[in-house]
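Where a number appears in this text, it was derived from the coordinates with a stated rule and is not lab data. Everything numeric in this text was worked out from a predicted model, so none of it was measured. As a convention, Cβ positions derive from the backbone with ideal geometry for all residues, glycine included, and neighbour counts pool all protein chains shown.
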Amino acid sequence: MKSDNIENLELDYLNMNDYKELRNVMIQSYSSMPDEYWKEEQIKTLIDIFPEGQVVIRINGNIAGCALSIIVNYEKYSGKHTYKEVTANQSFTTHDNDGDVLYGIDVFIMPEFRGLRLGRRLYDYRKELCEKLNLRGIAFGGRIPNYHKYADSISPKQYIEKVKRREIHDPVLNFQISNDFHPTRILNQYLEGDTDSGEFAVLMEWDNIYYEKAIKQVDQTKKVVRLGLIQWQMRNYKDFDELMNQAEYFLDAVSGYRADFALFPEFFNAPLMAEYNHLSEAQAIRKLAEYTEQIIQKFSDLSISYNINIITGSFPEIVDGKLFNAGYLCRRDGSIERYEKIHITPDEARVWGMQGGHQIQTFDTDAGKIGVLICYDVEFPELSRILAEDNMEILFVPFLTDTQNGFSRVRHCAQARAIENECYVAIAGSVGNLPKVHNMDVQFAQSMVLTPCDFAFPANGIKAEATPNTEMILFADVDLDLLKELNQLGAVRNKKDRRTDLYNVKKQI
């Protein structure tokens, strides 16, 4: 299935009402062992003893993949063991709520949905669950389904080494290694009937670096959020595909570091106007707007494929014959939301005939409540005040400034918004020049993540900052719990101490 057919993607707990559909998914997924699917009573047992460990991915409401797991006392199974032993012959009496390792029982993806990195989402969920439950790590016996092709000439140990050196391709082992799991030992006669693997398996482990002896509990709220800011280099691109290939390159890199958000700058697609430089500026920007629908669809596909929430920066968009400066939040579950620039600069109005927007709203995401203000909008404190009163935690500001003066206005106003609204502010801009595009000659930017100024935050209010005028990616982890502590215990409490008895800001529409 192609990602452009995906309208909704979500990760959900497995329940017994899913079994009939799940059974069909298993039959299609277990092509080499079609009769080895899970029985209804086995699934019920897993759900009863450890509901958080049994999850499915649904695409357009239908199950596309599943991951099953238990918790074990790893001292009993870190050495040689079999699948029957660790699952107690699939009765799962080995599950121990007081155990210290999450043991993977099964992961499978429907054949038609392979290639969409769904397996990675399931593994990422297991890692997050492991961290939330404060377990030492994750372990499982990994199959080596291509070993039968080499069993006559090399040992399992040699096979694993060749796979690690990329001399042999093993789809399962390659995938597990690429997802930060490391092989620790070879398990002989691990899974009865697995002839493709010669009944060998590789004990794969992932270590939870945050593990400490503490009370285990699952918290569904993500506390530490990783931001990836793309400081985009303006350059000539021969066509739309080349520009979006560059965008995908950055998303691949940002996703590789498990970022929750990727932020692109305002008008990052401006290089495509070079083809229309013979037209007036007003005509050229409207030709650029013809790419907007393609960009939205492409970013939505990439947000699903790379499992990342994308703030697309902004681009020109024509709605009912009027030209707006707008952008989109493409969530990794496949949903899309629109935001628009409220305050148009004098230059945008005079040269392009652009109109100011009307939408002022926050957006719920799986990594906190966010707001987006495009460039000039951050210089108007009323907008961010409205968003903050709706409990915004992170404000994203895609911008485009040609001079250091313009950048300084955006940068210092963004810093003020972080302080007065007790939120994080991430700003990302473009660098370089476009000599073949009128009204877009040069750019100046230094992307950064700004914070409130209090003891729990950097003294200067700068969490991270990019090198000025250099193409690069900036990463920063922001702790949302610190904002809650600031609101209650900060040296000053801007949100709490507002004199709403004297003044207030209200949204009119």
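Of note:
- A run of the chain free of exposed loop cleavage sites, with chymotrypsin sites (Phe, Trp or Tyr not before Pro) counted only in DSSP states other than H, G, I, E and B and at most 16 other beta carbons within 10 Å, reaches its longest extent at 258-454.
- For segment 154-160, 3J(HN,Hα) computed residue by residue from phi via the Karplus equation (6.51, -1.76, 1.60; θ = phi - 60°) reads 9, 7, x, 4, 5, 4, 4 Hz, glycine and proline entered as x.
- Selected from Leu68, Ser91, His438, residue furthest toward positive end of dipole (the chain; charges at beta carbon): His438
- Flagged links, alpha-carbon separation over 27 Å, of Lys341/Lys495; Lys298/Lys506; Lys322/Lys463: Lys298/Lys506; Lys322/Lys463
- Summing +1 for each Lys or Arg and -1 for each Asp or Glu among the other residues whose beta-carbon sits under 13 angstrom from that of Val163 gives +4.
- Partner lysines whose Cα lies under 18 Å from the Cα of Lys436, excluding those fewer than 8 positions away in the same chain, are identified as Lys238, Lys287.
- C-alpha long axis of helix 118-132 to longest principal axis of the chain, angle in °: 90
- Hits among aspartates and glutamates - C-alpha to C-alpha of Lys127 under 13 Å, sequence gap 8 or more where chains match: Glu52, Asp180, Glu205, Asp207
- The phi-based Karplus calculation (6.51 cos²θ - 1.76 cosθ + 1.60; θ = phi - 60°) puts the 3J(HN,Hα) values of segment 479-490 at 9, 5, 5, 5, 5, 5, 5, 4, 4, 9, 10, x Hz, whole numbers, x for Gly and Pro.
- Under 29 Å from Lys149, Cα to Cα: lysines that are on another chain or at least 8 residues apart: Lys80, Lys84, Lys157, Lys162, Lys164
- Beta bridge orientation in segment 3-207: antiparallel %, DSSP, nearest 5: 90
- Anisotropy class of the chain from Cα gyration tensor, a/c 1.5 cut: prolate
- Among beta bridges from DSSP that stay inside the chain, the antiparallel ones total about 75%.
- Segment 49-89: trypsin sites (Lys or Arg not before Pro) in DSSP loop, at most 15 other beta carbons within 10 Å: Lys80
- Folded to 0 to 90 degrees: helix 40-49 orientation relative to the chain principal axis, Cα: 60
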